[in-house]
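The values are calculated or read from the model by the stated rules, or taken from the named source; none is laboratory data. Please read these numbers as outputs of a predicted model, since none were measured by experiment. Here the Cβ positions follow ideal geometry from the backbone for every residue, glycine too, while neighbour counts run over all protein chains shown.
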Amino acid sequence: MKKIKSALISVFNKDRIDEICTHLSSNNVTIYSTGGTYKYISNLGISVKKVEDLTSYPSILNGRVKTLHPKIFGGILKTNSESDIEDSKNYDIPNIDLVIIDLYPFAETVKNTKNHDEIIEKIDIGGVSLIRAAAKNYENVVCVSSSSQYEKLIEILKDDCSTDISTRKNLASEAFKKSSDYDFKIFSYLNKESVENKSVIRELRYGENPHQKGRFIGNIDEYITQLSGKDISYNNLLDIDSSLDLLGDLKSKKSIFLIHKHNNPCGLAIRESVLEAYEDALSCDNISAFGGILTSNRTIDKISAGQIDKLFFEILIAPDFDDEALTILKSKKNRIIIKLNKIPSKSIQSRSCLNGFLEQDVDNKIEDFHDFKVVTNKSPDNKNSDDLVIASIIAKHTKSNCIVIVKDQQLIGSGMGQVSRIDALDQAIEKSKRFGFELRDSSLASDAFFPFSDCVEISHKNGIDSIVQPGGSVRDQDSIDFCNKNKMSMVFSGIRHFRH
C-alpha cells in the first residue's frame, strides 16, 4: 500500500472538489493547484500551495501555460531510483503522489458553438500531459483523470488515504483511455474542418455492443440520406452495407425487395410490383423479419407503405418515397427511413487481425447462367436457370457455411453460418417447410463444393430439382452420378464464395 502525501489538482469540473479537499486536508496531504482551481480551494479555507510559487514561474499566455514545468513533471514522474532521488534533491523537486485532472470540455464546446477559435481554445494541453505522466508512473502515483472517478477517490480518502498497485494500475488504464478518446474527438473535429481530407468521422451511439465505442469513417452522405428515425448505429451500418451489396449484384428490371437480419438475407423476392415483392419477401421468414432491415430497388408507394407499416422493422431503404408513403412510415419516430442515393462501389476490403490488418480485393464476381457449366445429363430449364443464378448470388452474400434455396425468384429457405454443410442444408430445408413452401422443382445453391454426395441425396429426397455449386471436390463424380440417376440437373460455377 502507498500513502498519499501530496496532490496536484487542476480541474474544469469542480463538483465534489470541496469534499475531496476536505478529506485531503484532514489527512495532512499537501495540495498544489493553480488558476481557478487554486482560487476555489483557497476560498474553501483549505490550505493550498500555488504551482507558480513551486515553479517560481508565473502563469503565462492567458493561462495556457501553468503546469508545463520540470518541477511539476519531475514530481510526477520520479521513481525511487537513486538517480531520481539525487535529481530531486539537486533541483528541489517535490513528491506528487496524487494527480486530479478534469479536462476542458472540448466535445461539449463543439456541440454548443460553431466558433472555431473558441473550440480550439478548449483543447486541453497541460491536463492531458499531466494525465499521461501520472498514468505512466502508476507504480508511484494515483491518477484521477475524470470527475466520474471522484466517488472512487473519496472512498480511498475516507479509508486511510492509501492505494494498492492494482487500484493505481486500473486508474492508469482508464486515464490512457480518457486521453485517447479526448484526442480522437479533437482529430474528428479537425478532420471535418479539412478541405483536403473529405473523409468524415461520425461518432456512433456505440459499437457492436453498448460497452463498445463505435465510429464510421467515410462520406456516408454520398450514398444514403436519412429521412427520419433515431441515429444509425454500428450494427445498422453493417446491415445496410450487406443489403446494398446484395442489391447491387441483383440485376433485374422488376421490383426487388430484400429483408436482412444480422448481415444475412432472410427474405428476398423479385416481382412485378413493390407490394408483391415485399409480401413474398416477408413470407420467406416473417419471424426473422421482425426488427429487420428492409430494402427496395423501387420507389415506395402509399399502398406498399401501408402494408410495410404493419411490421416492426429497424430500417427501410429505397431510392425514393411517395409523400403519402413517407407520412405513413414516419408515424413511428424511431424507425430509420433512408433514401438510397447510389450503391457504393468497392474494390478493397479490410479488417483488423492480430496486431495488424487483413486486406483483400472485394468479391465482385457475379455469375450469369452462361458462366455455369452443366455437368449432368439434364440441363436446368429456363425457370430453374434464373433461380440458380439468384440462389448463387444470395449464397455469395450469406455467411458460410451456407445453403440457399430459391423457387420462382423467391428465397424460400436458407441455412447459414454452420460448421457443417449438411447442417446448413438441414436448416434450409426445415425453414422452408416450416414456412409452408413446397420444395419440389426448387433450386439450391451452395457457397462451396460438396465433398460427398450426401447433400445431393438429401436435396433429392426433399424434392429439390436443380443445384449450383462451385465443384472441385475429388468426389464430384459421385454427386454427378447421383443426379444423373435421379434425373436432377446440376451446374458448376467454378467460383467459391466464402463469407466469413
> So which pairs qualify, if the first residue must be in segment 484-500 and touching a residue at least 40 places away in the same chain (Cβ under 8 Å) and at positive phi, the second must be of a type in the set (D, E, K, R) and part of a strand (DSSP E or B), the Cβ gap must be under 7 Å, and the two must be at least 6 apart or on different chains?
Replying inline: K487/K378; G494/K373
> Is it true that some residue in segment 403-412 is assigned to a loop (DSSP other than H, G, I, E, B) and at negative phi?
Replying inline: no
> Is it the case that segment 420-439 has a residue that's part of a strand (DSSP E or B) and in contact (Cβ under 8 Å) with a residue 40 or more places away in the chain?
Replying inline: no
>> Anything in segment 27-36 that is at pLDDT below 90 and either in a helix (DSSP H, G or I) or touching a Phe, Trp or Tyr at 6+ places or on another chain (Cβ under 9 Å) (or both)? List them, or say none.
In response: G35, G36
> What residue, of S473, S442, is in contact with a helix residue (DSSP H, G or I) (Cβ under 8 Å, 6 or more places away or on another chain), over 13 Å from I403 (Cβ atoms) and not assigned by TED's automatic domain parsing to the domain that holds N263?
Replying inline: S473
> Which one of these is within 30 Å of N27 (Cα to Cα) and either crowded, with 18+ Cβ neighbours inside 10 Å or out of contact with any strand residue (DSSP E or B) (no Cβ under 6 Å at 6 or more places or on another chain) (or both): S162, S166?
Replying inline: S166
> Of S179, S148, which residue is surrounded by fewer than 14 Cβ atoms within 10 Å (Cβ to Cβ) and outside the structural domain of H262 (by TED's automatic domain parsing)?
Replying inline: S148
>> Take the conditions modelled with pLDDT of 90 or more, assigned to a loop (DSSP other than H, G, I, E, B) and either among the aromatic types (F, W, Y) or exposed (fewer than 15 other Cβ atoms within 10 Å of the Cβ) (or both) and apply them to N62. Does it pass?
In response: no
> What tally of residues in segment 289-328 results from selecting those that are in contact with a helix residue (DSSP H, G or I) (Cβ under 9 Å, 6 or more places away or on another chain) and part of a strand (DSSP E or B)?
Replying inline: 12
>> With in contact with a strand residue (DSSP E or B) (Cβ under 9 Å, 6 or more places away or on another chain), under 19 Å from P380 (Cα atoms) and assigned to a helix (DSSP H, G or I) as the only criterion, which of V456, V468 stands out?
In response: V456
> Which of (1) assigned to a loop (DSSP other than H, G, I, E, B); (2) surrounded by fewer than 19 Cβ atoms within 10 Å (Cβ to Cβ) does T109 not meet, given it meets every other one?
Replying inline: (1)
> Given the conditions (1) on the phi < 0 side of the Ramachandran plot; (2) touching a helix residue (DSSP H, G or I) at 6+ places or on another chain (Cβ under 6 Å), and given that N263 satisfies all but one, which numbered condition is not satisfied?
Replying inline: (1)
